[in-house]
Amino acid sequence: MNNTVPFPEQKRRDDNEQPATPPPSTGWQRFADRAVDWAGDRIEDIFDAPTYGWKGMATWLKTLVILTASALVLWATWWGLTALIDAVRAAEWHSQGTGLIATMHQPVWDYLQTHTAELPVSATTAYAAWQLFGTASFIASWWLRATGARLTWALWGASTTGMIWAATPAAGRTVAAGLAALTWAAASTLALRGLSLRSSSFVHVHNDVQPTPVQIRPDIHVPQPLVERVEINGRDLRSVD
């Protein structure tokens, strides 16, 4: 009795038959794959940032940090400027003593009241901003010696003198403007300290020295020949090494 179990018949593969290929990916699938790869790379950049520090950090992370910091600085500056203007809005200089201060500040107040009627800003706010810009530019010019602060101080002084000239009655216009100019010039000795109008001179020394040619002279030292005395079978032999 034959108990042999025959193997199942295997399907022969034709040599010309090509293996089954996966269906072509659609545009949406390719986009999703690229999006996943891109997101993975960005997450890896975030986790690598503490390890590599600022120099090795990815460029897009540096840009994001700089933009965020700039926005925070601008917001803090604007908030601080608004708070300072609100703090000095009600500040008014009262004429006391000789009246010199009132001679210079009262025309500014009158000029701002007259010319801010058609503006969204009130005269009180404009007056506070005028005080703030003058004080801040003076301190920054005196302390930091910054070019921008000195330009702001110069423009503030010129605009102040112009407002005093325009708002003062014609009889005392020249006196008020002259006092303002003298006061501004005296304060500028501190605000513009260290500023020189002398032209910088540069001294250039040209040394017309011809280069010395370098001559190379080879010098070869040959050692003296070494002569040894050799005796073989009673005969003297001399060899030169």
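The values are calculated or read from the model by the stated rules, or taken from the named source; none is laboratory data. Values in this document were obtained by computation on a predicted structure and should not be read as measured data. Every residue, glycine as well, gets a Cβ built from its backbone with ideal geometry; the counts of neighbours run over all protein chains shown.
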From (1) under 30 Å from the mean Cα position of the chain (by Cα); (2) over 26 Å from T189 (Cβ atoms); (3) at pLDDT 85 or above, pick out the condition that doesn't hold for S137.
-> (2)
Please work out if H105 is at pLDDT below 85, out of contact with any Lys or Arg (no Cβ under 9 Å at 6 or more places or on another chain) and buried (at least 18 other Cβ atoms within 10 Å of the Cβ).
-> yes
Can you give me the number of residues within the range 108-132 that are surrounded by fewer than 16 Cβ atoms within 10 Å (Cβ to Cβ) and aromatic (F, W, Y)?
-> 0
Output the qualifying pairs, or none if there are none: Cβ atoms under 6 angstrom, residues six or more apart or on different chains, first residue in the range 19-35 and at pLDDT 65 or above, second residue of a type in the set (S, T, N, Q).
-> none
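Yes/no matrix, rows are residues, columns are (1) modelled with pLDDT of 70 or more; (2) assigned to a loop (DSSP other than H, G, I, E, B); (3) surrounded by 10 or more Cβ atoms within 10 Å (Cβ to Cβ):
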| position | (1), (2), (3) |
| --- | --- |
| N2 | no, yes, no |
| F7 | no, yes, no |
| F47 | yes, no, no |
| W54 | yes, no, no |
| T68 | yes, no, yes |
| I85 | no, no, yes |
| A90 | no, yes, no |
| Q96 | no, yes, no |
Could you please find all residues in the range 162-187 being of a type in the set (S, T, N, Q) and part of a helix (DSSP H, G or I)?
-> T174, T183
Take S159 and decide whether it is part of a helix (DSSP H, G or I) and either among the aromatic types (F, W, Y) or in contact with a helix residue (DSSP H, G or I) (Cβ under 8 Å, 6 or more places away or on another chain) (or both).
-> no
Residues located in the range 97-144, provided they are hydroxyl-bearing (S, T, Y) and touching a Phe, Trp or Tyr at 6+ places or on another chain (Cβ under 7 Å) | Y127, S137, S141
Count of the range 140-184 residues which are β-branched (V, I, T), more than 22 Å from H115 (Cβ to Cβ) and under 31 Å from the mean Cα position of the chain (by Cα) = 1
